[in-house]
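One structure is given below, encoded as structure tokens.
Read the figures in this text as sums done on the coordinates, not as results from a lab. Bear in mind the structure is a predicted one, so any value in this text is a computation, not a measurement. In this analysis, Cβ positions are derived from the backbone assuming ideal geometry, glycine residues included, and neighbour counts consider all displayed protein chains.
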Amino acid sequence: MDKHDRAPLYRLNLKDPWQLLAVGFGSGLVPKAPGTFGSLAALPICAVLIYLPWYVSVIFILCFCVLATFACAKAEKSLGMHDNSCIVADEFAGMFISVLFYPQDFRWCILAFVLFRFFDILKPFPVSWADKKVNGAFGVMLDDIIAAFFALFASQIVFSLIRML
């Protein structure tokens with residue numbers, strides 16, 4: 001079944017908080033580019049995370065990733081398929097990781113968004129491997145987490161270059 005197939009969406013129960021989390025509080029239900037809309041929906045939380053101490057952000061991200069993995073499992077079971085594009089909790093996690101160690105200026109969140117979407121769509125190795133080879137809810141999360149670390153690394157290069165100027 002195609003991951004962009006919208007037919008199984010009728011099986012979702014948005015009254016179930018786990019399934020609501022899996023679809024990014026509804027942001028993953030848009031018909032076109034749900035991953036992009038899920039990433040956009042995460043931006044307000046990212047804008048808060050960059051002002052928190054890094055260790056608080058890391059704890060938040062770890063807790064979120066555990067909860068999101070469980071939510072993805074529940075949504076996959078309801079949908080009867082792996083990694084339907086409406087599941088965007090992984091995009092939220094990716095965005096949260098992407099803004100780790102950012103300067104305390106919410107405008108930098110746009111850089112995280114651009115870089116994360118770039119690596120999530122391009123899927124360089126090992127993102128592509130995780131996307132194709134790792135099944136279940138962990139697989140849903142893993143490719144976006146790896147893409148997020150690519151985005152984080154790229155942004156830190158940008159910040160280093162800016163400091164050198």
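Just a few scattered comments:
- In this structure, the amide hydrogen of Leu100, modeled 1.01 Å from its nitrogen in the peptide plane, lies closer than 5 angstrom to no residue at least 5 positions away or on a different chain.
- Of Lys15/Lys133; Lys3/Lys132; Lys74/Lys123; Lys15/Lys123, those spanning more than 23 Å from alpha-carbon to alpha-carbon: Lys15/Lys133; Lys74/Lys123; Lys15/Lys123
- Virtual spin-label span in nm between Phe70 and Trp129, 7 Å along Cα→Cβ: 3.0
- Cβ crowding within 10 Å averaged over residues, with 93-106, 127-140, 7-20 ranked highest first: 93-106, 127-140, 7-20
- Gyration tensor (alpha-carbon) shape descriptor, the range 12-66, a/c threshold 1.5: oblate
- Kirkwood's formula applied to the C-alpha pairs of the range 111-165 gives a hydrodynamic radius of 11.6 angstrom.
- Alpha-carbon spread of the chain, three principal axes, descending order, Å: 53, 31, 25
- About the centre of its Cα atoms, the chain shows a dipole size close to 100 debye [charges on the beta carbon of Lys, Arg (+1) and Asp, Glu (-1) only; nearest 20 debye].
- Kyte-Doolittle at least -0.5, axis length at least 27 Å by Cα - qualifying DSSP helices, the chain: 54-79, 136-164
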